[in-house]
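Everything on this sheet refers to the single structure shown next.
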Amino acid sequence: ALPRVYISRKVPPEGLDIIRQSGQVQFELWDSDDPVPRSELLQKVKGVDGLLCMLTEKVDAELLDAAGSPNLKVLSTMSVGFDHLCLDELKKSRGIRVGYTPDVLTDAVAELTIALLLATSRRLIEATHEAKTGGWGTWRTLWLCGYELANSTVGILGLGRIGLSIAERLKPFKVKKFIYTDVAPQPELAEKINAEYVSLEELANQSDFLAVCCALTPETQGICNRKLFSQMKKNAIFINTSRGGTVNQEDLYEALSTGQIAGAGLDVTTPEPLPTDHPLFKVKNCVILPHIASATYTTRNAMSALAANNLLAGLRGEPMAKELKL
Ligand code: GLV
Ligand code: GLV
């Protein structure tokens, strides 16, 4: 019999076609744009050989137990982030191989990060709101003024593929200096943007724009907190397109509402969705997007294709194009 696979979402057509046309697996799909309910997922994974999931599915001991060993051999997540996977459990358990989708989303995420940065620093959302709700009385000298990239210092928290790609796009905006921090210096990447390695404190101190581009790990959980915000410049713009968990949102709210920093652009929050009555929605200098950094047709299709190919390669016992080293 063919290996059985469960796909936890209606994935974009490229990925689904690859799986269908492979003839290699027998698959069942949660045929919806919304996440599969947990109870349904726990039932459906029973006895499957492979699971293709999204970042909305927590893969923990409960799920692995429900899948049952030794059946589950391959887990393929359609995401670059893997904080929804309990790596400790996966390591313990049974030689499961894990695929993910780095690289194919780097351009889309970097583009969105630039858009969010400019929307925040130049107050675009506030501005369109003013224009259409009668606030546009006349041309005024300091009305809706923001901050410019020219001659600025840009700080990257976590210099990987995405951080580098953001910095490369910012270069033509005449940024004066790039600085970054990470668990260790990344000389090969840093060289491409002439970025200086600094401590987290210096990053906060010097950055006019601070972009969070790191993975969410126990080390980065809540790393953007009151201490960090209090070290930042009053004109600083804070941007997060990584994971909401890197930010202490109460501390961010305080920093924004007291003018400790100038603005924040967030594509990720805790929780997601962020409740519509959340205080962060009430501060004017906070631009919040619903986790859309990789949301282009090209990229979401490429992610689904890579996730599908990772899954199929894993089930054939071959190396995956993008496999997580557990
Ligand atoms: C998106 O956040 C991803 O991890 O792919
Ligand atoms: C702006 O539109 C200017 O003319 O200064």
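We did not get these values from a lab; they are worked out from the coordinates using the rules stated. The model shown is predicted, which means the values in this text are computed figures rather than measured ones. Every residue, glycine as well, gets a Cβ built from its backbone with ideal geometry; the counts of neighbours run over all protein chains shown.
Considering only the chain, what is the antiparallel percent among its DSSP beta bridges, to the nearest 5?
Given both bridge residues lie in the chain, the antiparallel proportion sits at roughly 5 percent.
So how far, in whole Å, is the C-alpha centre of the stretch 192-208 from the one of the stretch 291-316?
33 Å
Calculated FRET efficiency, ARG140 and LEU200, Cβ-Cβ r, R0 35 Å, to nearest 0.05?
0.35
Would you please classify the overall shape of the stretch 1-136 from the alpha carbon gyration tensor, given that a ≥ b ≥ c denote the square roots of the eigenvalues, rounded means a/c under 1.5, and beyond that prolate means a/b larger than b/c while oblate covers the rest?
The shape class here is prolate.
Work out, step by step, the length gained on full extension between ALA184 and ALA131: first 0.36 nm times the residue separation, then minus their alpha carbon distance; give nm to one decimal.
14.5 nm
Distance cut-off 22 Å, Cα to Cα: go down the list LYS132/LYS282; LYS132/LYS234; LYS176/LYS227 and report the pairs above it.
The pairs that break the limit, which is 22 Å between Cα atoms, are LYS132/LYS234; LYS176/LYS227.
Near the amide H of VAL287, under 5 Å away, which other amide H atoms are found, from residues 5 or more places off or on another chain, if H is placed in the peptide plane?
ALA264, GLY265, LEU266
By what distance, in whole Å, do the Cα atoms of the stretch 106-288 stretch along each of the three principal axes, largest value first?
51, 34, 30 Å, listed from the longest principal axis down.
If you take the Cα Rg of the chain and divide it by 2.2 N^0.38 Å, with N the number of residues, what do you get?
Output field value: 1.08.
Going Cα to Cα from LYS177, which lysines come in below 18 Å? Please leave out same-chain ones fewer than 8 positions away.
LYS192, LYS233
For LYS44, list the aspartates and glutamates whose Cα falls under 17 Å from its own Cα; do not include residues on the same chain fewer than 8 positions away.
Candidates past the 8-residue exclusion: GLU28, ASP31, ASP34, GLU57, ASP60, GLU62, ASP65.
Just to check I understand the Karplus step: with θ = phi - 60° and J = 6.51 cos²θ - 1.76 cosθ + 1.60, what whole-Hz values come out for the stretch 171-181, glycine and proline as x?
With the stated coefficients, the stretch 171-181 comes to 3, x, 7, 6, 4, 7, 8, 9, 10, 8, 9 Hz.
If each of ALA215 and ASP103 carries a label point 7 Å out from its Cα toward its Cβ, how far apart are those two points in nm?
If labels sit at ALA215 and ASP103, their model points lie 1.6 nm apart.
Per 0.36 nm of contour for each residue apart, how much would the distance between ARG169 and LYS325 grow if the chain were fully extended, relative to their Cα-Cα spacing?
Going from the current span to full extension adds 53.2 nm.
Contour minus end-to-end for VAL283 and THR258, with contour as 0.36 nm per residue of separation and end-to-end as the Cα-Cα distance?
8.0 nm
Which of the trypsin sites (Lys or Arg not before Pro) found in the stretch 102-180 are loop residues per DSSP with 10 or fewer other Cβ atoms within 10 Å of their Cβ?
For trypsin sites (Lys or Arg not before Pro) across the stretch 102-180 that sit outside H, G, I, E and B with at most 10 neighbouring Cβ atoms in 10 Å, the list reads ARG140.
Note down the magnitude of the dipole of the chain about its Cα centre, charges +1 on Lys and Arg C-beta and -1 on Asp and Glu C-beta and zero elsewhere, to the nearest 20 debye.
Here the chain has a charge dipole of around 360 debye.
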